[in-house]
Amino acid sequence: MLARAARGTGALLLRGLNILIPVLDRIRYVQSLKEIVINVPEQSAVTLDNVTLQIDGVLYLRIMDPYKASYGVEDPEYAVTQLAQTTMRSELGKLSLDKVFRERESLNASIVDAINQAADCWGIRCLRYEIKDIHVPPRVKESMQMQVEAERRKRATVLESEGTRESAINVAEGKKQAQILASEAEKAEQINQAAGEASAVLAKAKAKAEAIRILAAALTQHNGDAAASLTVAEQYVSAFSKLAKDSNTILLPSNPGDVTSMVAQAMGVYGALTKAPVPGAQDSVSSGSSRDVQGTDASLDEEFDRVKLS
């Protein structure tokens with residue numbers, strides 16, 4: 001504690017032991033150097049958007065110069081309280097209702113700066129100011145509540161639409177990927193099928209070429225024409241037996257019961273084909289193919305009898 005006394009000219013009593021002369025000296029002021037907490041009473045304030053608020057606060061201050069606090073102002077606490085109220089009304093008039101709630105920290109800092117500028121000559125320093133309660137009129141409070149609900153519904157709608165959009169995008173992307181994979185699979189399948197068909201055609205062609213080479217080699221041997229004639233006759237009879245099974249339209253020769261005539265006709269076709277010149281064929285093959293078909297009939301009589309019986 002630091003005491004101030006009036007001794008004629010107003011002497012200053014220092015810390016420690018001080019001697020006062022009775023009647024001449026007496027203690028006039030006692031100032032505490034501790035931090036002081038002052039409740040700022042509730043007051044009305046009008047915001048920038050013409051909304052009347054009821055607001056109160058708490059003021060934290062400390063006496064830095066006891067002499068100025070004693071002789072610079074009559075009642076320092078009352079003076080600081082009034083200054084805090086007027087400053088708070090002035091600062092609230094610069095802000096709208098929404099900014100009052102959002103910029104509460106900056107509002108407190110502005111009030112502290114304004115108080116320190118005015119209270120410096122009083123030897124008092126404001127450490128901080130805190131707004132306790134802000135009371136809004138009932139109708140404004142209902143409007144704010146409706147605004148909050150509308151804002152939340154808006155956010156919910158936006159989030160729902162974004163979710164629907166993301167879902168549609170994901171579904172479309174999935175369908176796109178599925179179509180791409182299906183087309184790639186179909187492409188690969190067609191490539192594989194074409195490769196398989198090409199391999200099959202090539203294998204058939206090689207087999208047919210090998211068969212032709214074997215047949216050509218066989219025709220050059222003894223009685224090769226007779227064996228070829230027998231094979232053509234068997235194929236002719238087999239094809240003629242399948243005509244009635246494959247189609248309703250049947251082409252019959254003039255004498256279908258005479259198998260010998262049909263075989264002879266087939267042999268005649270084969271003989272006409274063997275008489276035709278083959279480019280690049282060997283002389284032995286050409287000479288063997290030009291034989292008379294009738295010379296081979298004697299060697300095939302038994303085979304013809306077998307065909308007739310079947």
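Quick notes on this one:
- Virtual spin-label span in nm between GLN82 and GLN117, 7 Å along Cα→Cβ: 2.0
- Diagonalising the gyration tensor over the Cα atoms of the range 137-220 and scaling each eigenvalue by 5 before taking the square root yields semi-axes of 80, 4, 4 Å, largest first.
- Once the chain from ASN170 to GLU103 is taken as fully extended at 0.36 nm per residue, the excess over their C-alpha distance is 19.9 nm.
- Using the Cβ-Cβ distance between LEU24 and MET64 with R0 = 41 Å, the FRET efficiency computed as 1/(1 + (r/R0)^6) comes to roughly 0.85.
- One decimal place: the segment ASP49-ALA198 gains 45.0 nm when fully extended, by the rule 0.36 nm per residue minus the C-alpha distance.
- 1.4 Å probe accessible area per residue over the range 34-135, in Å²: 52
- Most tightly packed first, judged by the mean number of other beta-carbon atoms within 10 Å of their residues, the peptides 103-111, 140-148 read 103-111, 140-148.
- When the solvent-accessible area of the range 137-220 is split by element, carbon and sulfur atoms take up 60 percent of it, the probe being 1.4 Å.
The values are calculated or read from the model by the stated rules, or taken from the named source; none is laboratory data. Computed from a predicted structure; not experimentally measured. Cβ atoms come from the backbone with ideal geometry, glycine included; neighbour counts cover every protein chain shown. Only protein heavy atoms, including side chains, enter the accessible area calculation; ligands, DNA and RNA are left aside. Shrake-Rupley method; radii C 1.70, N 1.55, O 1.52, S 1.80 Å.
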